[in-house]
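Trainee: Let me give you the structure first, and then I'll get to my questions.
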Amino acid sequence: MSKKTLIIGAGGVGNVVAFKCAMNAQIFGEITLASRTLSKCDAIAKNVKKKVGVELKTATVDADSIPQLIELFKELTPDIVINVALPYQDLTIMDACTECGIDYLDTANYEHPDTAKFEYKEQWERDEQFKEANIMALLGSGFDPGVTNVFCAYAQKHYFDEIHTIDILDCNAGDHGYPFATNFNPEINLREVSANGRYWQKNDDRQGEWIETKPMEIMQIWDYPEVGEKESYLLYHEEMESLVKHIKGLKRIRFFMTFGQSYLTHMKCLENVGMLGIKEVEHKGQKIVPMEFLSTLLPDPASLGARTKGKTNIGIYAKGIKDGKERTIYIYQVSDHEKCYEEVLSQGVSYTTGVPAMIGAKLILEGKWQGTGVFNMEEFDPDPFMEELMVQGLPWKIEEKSNSQK
Ligand code: NDP
């Protein structure tokens, strides 16, 4: 019987998911795109029809409201809900899914609008609820988290007996020509990069511990194939929380992201004047959240596609032991912003997030990734996901490195 798919969120990532599901319509069946603003869904549906020839249904929903979600789910009866709205909506959508017995997928961990925590706690706590409903939730099926978790699982399965250290390396060398803009939702992006950094380390006889750093305190220069050397800053990133649970023998995991000096100077200045604040302030009798206001001023990430040039390169650098010998491998994926735009009218950051969201959903619908409960990506067999990446627009490479490198 033909499947039904519901995508929630019509931003930059939602656009890519809609295109890619339509390109795989034999699996996704009847596809509906829902968001708060119907006109955004309709605009995407129009482009998909023109470029891919597939008709999408559209709907409006406020995903902060469980009753509204349940009403929509009952009307559409989807087999899967792909949540590419904002991390604030993760819990309401998960709860509506368990209420209606529908599999769930997202690309970012739940965040409370008033406190930036970047943790899976509240989503993992819903494991029993998903088991009881006999359905699954796949968390973090974007690029990072997402593909980076799958790269780690692939390294663990095929290249190592034990992985000792992992460095996740995220480089976006795209240029959109604006003095300052973010490549995905500004609020979520700026909360992430202005927070304290953190990495995880385990000394031989001790429990692993998180070591906190000041924002942008640790910088290393990494050499990214097809991009070149870039200053990369240690950040906390959510996939590390699940990887420390699931990768055998791990002694250290870190995450680095590249930033240009101009981006950092803009960010520091905005932070110094209080524009990155997430608590309400009063302005002429009106309450505003500075970060939300800034988000209104900045270019919409979905509009960057047509003007972004350059490449992204995201990968993992893993060191460990295989058959008693030390080994180091680097798995990475390079995307070209202009090629992404040519294919689906989006820049590379939305593309590299939306394609893995589609792939995760495809594997669930095909029954290749199956289970009941709440899962992170590395808990499933990485092979079918890695095969799909190759054919759905995100081909990857593996390099064996000499052990003297970082
Ligand atoms: P955008 O801001 O471009 O789009 C978000 C969309 O969600 C908008 O269409 C918006 O509404 C919709 N939305 C927001 N609130 C609600 C609500 N209450 N009800 C219904 N719809 C709502 O964000 P992006 O597309 O850039 O990012 C989407 C998600 O992808 C985010 O969670 C982000 O964190 C994640 N992400 C993950 C990455 C990864 O690699 N794992 C990388 C980049 C992003 P409206 O219809 O009104 O516009």
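The values are calculated or read from the model by the stated rules, or taken from the named source; none is laboratory data. Everything numeric here is computed off the predicted structure, so don't read it as measured data. Every residue, glycine among them, receives a Cβ derived from its backbone with ideal geometry; neighbour counts consider all protein chains shown. Ligands, DNA and RNA are excluded from the accessible area calculation, which covers all protein heavy atoms including side chains. Shrake-Rupley method; radii C 1.70, N 1.55, O 1.52, S 1.80 Å.
Trainee: How big is the Cα convex hull of segment 141-205 in projection, averaged over all directions, in nm²?
Mentor: Reported value for the Cα convex hull: 6.7 nm².
Trainee: Could you give the size of the charge dipole of the chain about its Cα centre, using +1 on the Cβ of each K and R and -1 on the Cβ of each D and E, expressed in debye and rounded to the nearest 20?
Mentor: Rounded to the nearest 20 debye, it is 800 debye.
Trainee: For Thr58, list long-range residues whose amide hydrogen, built 1.01 Å from N in the peptide plane, is under 5 Å from its own amide hydrogen.
Mentor: Leu33
Trainee: Follow-up. Given 20 °C and 1.002 mPa s, compute D for segment 278-406 with the Stokes-Einstein relation, Rh being the Kirkwood radius over Cα pairs; round to the nearest whole µm²/s.
Mentor: 117
Trainee: Calculate the all-directions average of the projected area of segment 203-272's alpha-carbon convex hull, and give it in nm².
Mentor: Average of the hull's projected areas for segment 203-272 equals 6.4 nm².
Trainee: When you count, for each residue, the other Cβ atoms within 10 Å and take the mean per peptide, how do 358-365, 225-232, 87-94 rank with the highest first?
Mentor: Ranked by mean Cβ neighbours within 10 Å, highest first: 358-365, 87-94, 225-232.
Trainee: Mind checking the per residue accessible area of segment 148-222 for me, 1.4 Å probe, whole number of Å²?
Mentor: Heavy-atom SASA per residue in segment 148-222 reads 43 Å².
Trainee: Could you give the distance between the Cα centres of segment 1-65 and segment 179-221, to the whole Å?
Mentor: 33
Trainee: Something else about it: In sequence order, what are the phi-derived ³J(HN,Hα) couplings for segment 101-107 according to the Karplus relation 6.51 cos²θ - 1.76 cosθ + 1.60 with θ = phi - 60°, rounded to whole Hz, with x for glycine and proline?
Mentor: Using θ = phi - 60°, the values come out as x, 10, 4, 10, 9, 9, 10 Hz.
Trainee: Report the percentage of all Cα-Cα pairs in segment 14-127 whose separation exceeds 18 Å, rounded to a whole percent.
Mentor: 51
Trainee: Still on this structure, I have one more. Consider a paramagnetic label point 7 Å from the Cα of Ala43 along Cα→Cβ; state which residues of segment 305-342 have an amide N under 19 Å from it.
Mentor: Only 305-308, 341-342 pass the distance filter.
Trainee: On a C-alpha basis, how far is the centre of segment 353-406 from the centre of segment 253-322 in Å? Whole number, if you could?
Mentor: 26
Trainee: Determine by what factor the alpha-carbon radius of gyration of segment 333-406 differs from 2.2 N^0.38 Å, reporting the quotient.
Mentor: That ratio works out to 1.32.
Trainee: Give me, ordered by chain and number, the residues 5 or more places off Lys117 or on other chains with an amide H under 5 Å from its own placed amide H.
Mentor: Counting only residues 5 or more places away or on other chains, the set is His112.
Trainee: Let me ask something else. How high is the relative contact order of segment 64-124, in percent, with contacts defined as C-alpha pairs under 8 Å that are six or more residues apart?
Mentor: Relative contact order comes out at 34 percent.
Trainee: With θ taken as phi - 60° and the coefficients 6.51, -1.76 and 1.60, list the Karplus ³J(HN,Hα) couplings across segment 20-31 in order, rounded to whole Hz; mark glycine and proline as x.
Mentor: Each residue's phi maps through the Karplus curve to give 5, 5, 5, 5, 10, 4, 5, 8, 7, x, 7, 10 Hz.
Trainee: To the nearest 0.05, how large is the calculated FRET efficiency for Lys214 and Gln286 if R₀ is 51 Å and r is the Cβ-Cβ distance?
Mentor: Given R0 = 51 Å and the Cβ-Cβ separation, E is 0.95.
Trainee: Less than 19 Å apart at the alpha-carbon level, and either on another chain or at least 8 residues along: which lysines does that give for Lys40?
Mentor: Lys20, Lys49, Lys50, Lys51, Lys57
Trainee: What part of the accessible area of the chain, given as a whole %, is carbon or sulfur when the probe is 1.4 angstrom?
Mentor: That fraction is 48 percent.
Trainee: Using a Cα distance threshold of under 30 Å, what count of lysine pairs results for segment 302-381 when pairs must be 8 or more residues apart or interchain?
Mentor: Step by step, the pairs that qualify in segment 302-381 add up to 9.
Trainee: Continuing with this model, one more query. What share of the DSSP beta bridges in the chain is antiparallel, in percent to the nearest 5?
Mentor: 60
Trainee: Sticking with this one: Past the 32 angstrom mark, what percentage of all C-alpha to C-alpha distances in the chain do you count?
Mentor: Cα-Cα pairs in the chain separated by more than 32 Å: 32 percent.
Trainee: Which order do the peptides 115-121, 41-47, 282-288 come out in when sorted by mean C-beta neighbours inside 10 angstrom, highest first?
Mentor: 41-47, 115-121, 282-288
Trainee: Excluding Arg254 itself, what net charge comes from residues whose Cβ is under 10 Å from its Cβ, given Lys and Arg +1 and Asp and Glu -1?
Mentor: Here the charged neighbours net out to +1.
Trainee: Still on this structure, please answer the following. Using per-residue counts of other Cβ atoms within 10 Å, averaged over each peptide, order 32-38, 378-384 from highest down.
Mentor: 32-38, 378-384
Trainee: Using only helices, what value at 222 nm comes out for the chain when you add -39,500 (n - 2.57) per DSSP H run of length 4 or more and divide by the total residues, to the nearest 500 deg cm²/dmol?
Mentor: Estimated from H runs of four or more residues: -10500 deg cm²/dmol.
Trainee: Let me ask something else. If amide hydrogens are placed 1.01 Å from N in the peptide plane, which non-local residues have theirs closer than 5 Å to the one on Gly142?
Mentor: When sequence neighbours closer than 5 places are left aside, the close amide H contacts are Val147.
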